[in-house]
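To keep things clear, I will list the structure first and then write my remarks on it.
The values are calculated or read from the model by the stated rules, or taken from the named source; none is laboratory data. Remember, predicted model here, so these are calculated numbers, not experimental data. When we count neighbours, we look across all protein chains shown, and the Cβ atoms used for this are built from the backbone with ideal geometry, even at glycine.
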Amino acid sequence: MVEPTTSAQQPYPVRVRAVLDEPSRFLWLVKWLLIVPHLIVLIALWAAFWVLSLVALFAVVITARYPRAIFDFNVGVMRWTWRVHFYAYGVLGTDRYPPFSLGEEPDYPATLTVDYPEHLSRGLALVKWWLLAIPHYLILALFFSGGIWFTWTFSDNAWAGGSVLGLLILISAVVLAVTGRYPRPVFELVVGMFRWSMRVAGYAALMTDQYPPFRLDVGGDDPDPAPPAPPAVAEPRVPQPNP
């Protein structure tokens, strides 16, 4: 059983942060249209992402290093995708239009960072993206794929399914339209689900060898790595007087 926890755990190299930005009551009704330019660009970016990830796979197997230029580009694609999800029907957490940028954009209410690995395992690169990540794929399918909750459609006399995420966003949209406020517990849960998925995406894209935790870290914050401990300073020896 997966237990929700707070983000006060050991930091993971892929960090997702989000700030609820007081979305308006009804703009979500037209965001499907407003994000079309982003979707067009992201289709091309993700095609490049997968091609470059294949190049990175060969580079890691040969050199044990992820090419820095490819790493920065692929992280940028993930970062851009997260901002669009946050603005649109992944979270509905803000009405600020996402920038067309691969950069960090620290002023935007949704950010994503990934620590660059100085060394990667050659052997893990061959199996982690498909074999080792399978348990995570199965769990994420429960979050993001259809068939988890069901409604009866009278027109077709049949059951129709949707995802847990879709149900949560529908609830949030209705509450937002009625009360003008986004339900904070739902926001924190949804961000936690995306945090889990982005960690797995970074692992499957060979950006880290650290296995993603089976942990639903809810909330908008994600901790930075702990600073390295300062080097120990030897205490000066006090000479002892001769007897």
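The figures follow:
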quantity: Yes/no for Gly166 being assigned to a helix (DSSP H, G or I), at pLDDT 95 or above and surrounded by 14 or more Cβ atoms within 10 Å (Cβ to Cβ); calculated: no
quantity: The stretch 169-183, residues that are assigned to a helix (DSSP H, G or I) and of a type in the set (Ser, Thr, Tyr); calculated: Ser172, Thr179
quantity: Phe100 vs. criteria at pLDDT below 95 and not charged (D, E, K, R); calculated: no
quantity: Leu206, sole failed condition from (1) modelled with pLDDT of 95 or more; (2) in contact with a Ser or Thr (Cβ under 8 Å, 6 or more places away or on another chain); (3) in a loop (DSSP other than H, G, I, E, B); (4) at negative phi; calculated: (4)
quantity: Some residue of the stretch 26-44 being touching a residue at least 12 places away in the same chain (Cβ under 8 Å) and in contact with an Asp or Glu (Cβ under 6 Å, 6 or more places away or on another chain); calculated: yes
quantity: Single unsatisfied condition, Ala173 versus (1) at pLDDT 90 or above; (2) farther than 21 Å from Val30 by Cβ; calculated: (2)
quantity: Some residue of the stretch 37-55 being β-branched (Val, Ile, Thr), out of contact with any Ser or Thr (no Cβ under 6 Å at 6 or more places or on another chain) and closer than 19 Å to Gln210 by Cα; calculated: no
quantity: Out of Val191, Val186, sole residue that is of a type in the set (A, V, I, L, M, F, W, C), within 13 Å of Phe144 (Cα to Cα), in contact (Cβ under 8 Å) with a residue 12 or more places away in the chain and in a helix (DSSP H, G or I); calculated: Val191
quantity: Qualifying residue in the stretch 122-137 (condition: over 24 Å from Ile70 (Cβ atoms), modelled with pLDDT of 95 or more and not polar (S, T, N, Q)); calculated: yes
quantity: Residue check for Ala56: closer than 19 Å to Trp129 by Cα, among the small types (Gly, Ala, Ser) and either at pLDDT below 95 or touching a helix residue (DSSP H, G or I) at 6+ places or on another chain (Cβ under 7 Å) (or both); calculated: yes
quantity: Enumeration of residues in the stretch 85-101 that are within 20 Å of Met207 (Cβ to Cβ) and in contact (Cβ under 8 Å) with a residue 40 or more places away in the chain; calculated: His85
quantity: Members of the stretch 50-107 found to be out of contact with any Lys or Arg (no Cβ under 6 Å at 6 or more places or on another chain), farther than 19 Å from Arg199 by Cα and of a type in the set (Gly, Ala, Ser), listed by number; calculated: Ala59, Ala69, Gly93, Ser101
quantity: Tally, over the stretch 64-108, of residues that are surrounded by 15 or more Cβ atoms within 10 Å (Cβ to Cβ), closer than 22 Å to Lys31 by Cβ and among the polar types (S, T, N, Q); calculated: 2
